[in-house]
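Peer 1: Got a structure for you, questions after.
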Amino acid sequence: LRKNVEDFTGPRERSDLGFVTFDITADILNGKKCMVFFLTGIHLQSIFDWNVKQLFLYLSAEYSTKNNALNQVVLWDKIMLRGDNPRLSLKDMKSKYFFFDDGNGLKGNRNITLTLSWNVVPNAGILPLVTGSGHVSVPFPDTYETTKSY
Amino acid sequence: WPRSGGIRGGAAMDLFGDLRRMNKRQLYYQVLNFAMIVSSALMIWKGLIVVTGSESPIVVVLSGSMEPAFHRGDLLFLTNFHDDPIRAGEIVVFKVEGRDIPIVHRVIKVHEKGNGNIKFLTKGDNNEVDDRGLYKEGQNWLEKKDVVGRARGFLPYVGMVTIIMNDYPKFKYALLAVMGAYVLLKRES
């Protein structure tokens with residue numbers, strides 16, 4: 001579900017606000033870092049070794065607009081501690097954070113790429129950022145929704 | 001010196017006796033030794049600044065806004081390479097213009113122009129809202145120039161020493177006094 005609403009509360013002039021709902025099913029099995037939205041696929045279990053304290057997972061939307069060559073907006077995040085259930089099955093999630101564009105680049109934008117990444121927080125040591133290898137492309141419609149329902 | 005009995009009294013007397021008997025040359029030698037240690041430490045620190053590109057390559061986490069990943073007292077190792085792009089999800093340490101305190105938070109929005117101009121928004125993992133309230137009046141975005149570095153590595157608890165020394169200056173002076181005494185009185189046999 002994607003809507004495009006003319007902005008109302010942004011700290012700047014009228015910017016595009018996008019709404020995206022998504023399912024995340026992340027089932028972690030054997031370490032192949034692949035992610036597929038709306039289907040099962042990620043295996044996070046083997047990432048949790050003795051030196052991993054937590055994973056900070058985040059879903060980010062990446063796209064480019066007339067205004068900016070590169071835009072990245074984090075839509076949703078989750079902290080997964082070692083010992084938590086490594087299977088994520090979240091259906092019909094709304095984004096946690098407002099998907100504002102810096103300008104009006106969401107209208108008619110066909111190529112918004114959603115990727116799931118995670119920050120590995122060790123007990124001590126290096127802090128790597130890993131991107132899941134799958135991604136999903138969502139296009140936004142060409143017109144704004146005038147209803148305020150969500 | 002009062003002639004107190006007992007072993008402890010005797011040892012203290014020996015120590016002060018040593019200090020008196022140490023001639024000027026030995027004293028200079030000890031002081032130079034000490035100066036060398038301090039200089040080496042400073043050189044290592046400067047070297048780290050050059051190698052990492054960050055003005056402050058090691059920082060202590062001061063607040064709980066990034067829990068449960070980082071707690072107050074943890075140590076972070078930063079790099080700040082010029083060509084490293086700022087991307088969503090990265091943990092950056094930045095300073096708000098006009099304030100001295102470094103803040104460690106995560107990048108949640110990035111808008112980069114074709115010419116390399118970047119503006120980004122941050123938020124602490126443990127905070128409900130983004131950092132706009134922390135920025136300067138009227139400032140809505142951070143820029144590359146506000147960044148002290150990107151967090152690349154982390155050690156828990158070790159930075160507590162700095163926090164304790166800051167909060168309890170008497171502890172800092174006591175520590176310095178002990179170190180000074182050790183350096184002056186240590187004898188290389």
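The values are calculated or read from the model by the stated rules, or taken from the named source; none is laboratory data. Every value quoted in this text rests on a predicted model; they were computed, and no experiment measured them. Every residue, glycine among them, receives a Cβ derived from its backbone with ideal geometry; neighbour counts consider all protein chains shown.
Peer 1: Would you mention how many residues in segment B:143-165 are out of contact with any helix residue (DSSP H, G or I) (no Cβ under 8 Å at 6 or more places or on another chain) and either of a type outside the set (K, R) or at positive phi (or both)?
Peer 2: Of the residues in segment B:143-165, the ones out of contact with any helix residue (DSSP H, G or I) (no Cβ under 8 Å at 6 or more places or on another chain) are B:143-148, B:150-163.
When the remaining residues are screened for being either of a type outside the set (K, R) or at positive phi (or both), the result is B:143, B:146-148, B:151, B:153-163.
Of the residues in segment B:143-165, 16 are out of contact with any helix residue (DSSP H, G or I) (no Cβ under 8 Å at 6 or more places or on another chain) and either of a type outside the set (K, R) or at positive phi (or both).
Peer 1: Still on this structure: With the condition being within 9 Å of chain A (Cβ to nearest Cβ) and under 30 Å from B:Y28 (Cα atoms), I'd like the strands (runs of 3 or more DSSP E) fully within segment B:72-189 carrying at least 1 qualifying residues.
Peer 2: Working: elements: B:75-79, B:91-95, B:102-112, B:118-123, B:147-155.
Correct list: empty, since no element meets the threshold.
To keep it simple, each residue is scored yes or no on (1) surrounded by 13 or more Cβ atoms within 10 Å (Cβ to Cβ); (2) over 18 Å from the mean Cα position of the chain (by Cα).
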position	(1), (2)
B:D100	no, no
B:K109	yes, yes
B:F120	yes, yes
B:N127	yes, yes
B:E137	no, yes
B:N140	yes, yes
B:V148	yes, no
B:A151	yes, no
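Peer 1: Being more than 8 Å from chain B (Cβ to nearest Cβ) and among the aliphatic types (A, V, I, L, M) is the filter here, so list the residues in segment A:109-122 that pass it.
Peer 2: Those that are more than 8 Å from chain B (Cβ to nearest Cβ) and among the aliphatic types (A, V, I, L, M): A:I112, A:L114, A:L116, A:V120.
Peer 1: When B:T79 is evaluated against the numbered criteria (1) touching a Ser or Thr at 6+ places or on another chain (Cβ under 6 Å); (2) surrounded by fewer than 17 Cβ atoms within 10 Å (Cβ to Cβ); (3) under 20 Å from B:M165 (Cα atoms), which criterion, by number, is the only one it fails?
Peer 2: (3)
Peer 1: How many residues are among the hydroxyl-bearing types (S, T, Y) and under 20 Å from B:D100 (Cβ atoms) when one looks only at segment B:123-167? Give the derivation first.
Peer 2: Residues of segment B:123-167 among the hydroxyl-bearing types (S, T, Y): B:135, B:157, B:162.
If we keep only those that are under 20 Å from B:D100 (Cβ atoms) as well, we get B:135, B:162.
Total satisfying the criteria: 2.
Peer 1: Let me ask something additional. What's the total number of residues in segment A:96-133 that are touching a His at 6+ places or on another chain (Cβ under 8 Å) and among the small types (G, A, S)?
Peer 2: Of the residues in segment A:96-133, 0 are touching a His at 6+ places or on another chain (Cβ under 8 Å) and among the small types (G, A, S).
Peer 1: Kindly indicate which of B:V158, B:V183 is farther than 30 Å from A:N51 by Cβ and among the β-branched types (V, I, T). Show your work before the answer.
Peer 2: Working: B:V158 fails: farther than 30 Å from A:N51 by Cβ.
After applying the criteria, what remains is B:V183.
Peer 1: I'm trying to understand the selection: among the residues of segment B:59-71, which are touching a helix residue (DSSP H, G or I) at 6+ places or on another chain (Cβ under 8 Å) and in a loop (DSSP other than H, G, I, E, B)? Can you show your working first?
Peer 2: Taking segment B:59-71 first, the residues touching a helix residue (DSSP H, G or I) at 6+ places or on another chain (Cβ under 8 Å) are B:60, B:62.
Residue satisfying the conditions is B:L62 alone.
Peer 1: Looking at the structure I just gave you, is A:G125 modelled with pLDDT of 70 or more, over 30 Å from B:R152 (Cβ atoms) and within 9 Å of chain B (Cβ to nearest Cβ)?
Peer 2: Spelling it out, it is not the case that A:G125 is modelled with pLDDT of 70 or more, over 30 Å from B:R152 (Cβ atoms) and within 9 Å of chain B (Cβ to nearest Cβ).
Peer 1: If I filter segment B:61-73 down to residues being aliphatic (A, V, I, L, M) and closer than 18 Å to A:P122 by Cβ, which single residue comes out as nearest to the chain's Cα centre (by Cα)?
Peer 2: Our first condition is that a residue be aliphatic (A, V, I, L, M); within segment B:61-73, this holds for B:61-62, B:66, B:69.
In the following step, the residues that additionally are closer than 18 Å to A:P122 by Cβ were identified as B:61, B:66, B:69.
Details: B:V61: 10, B:M66: 18, B:A69: 19 Å.
Top of the filtered list is B:V61.
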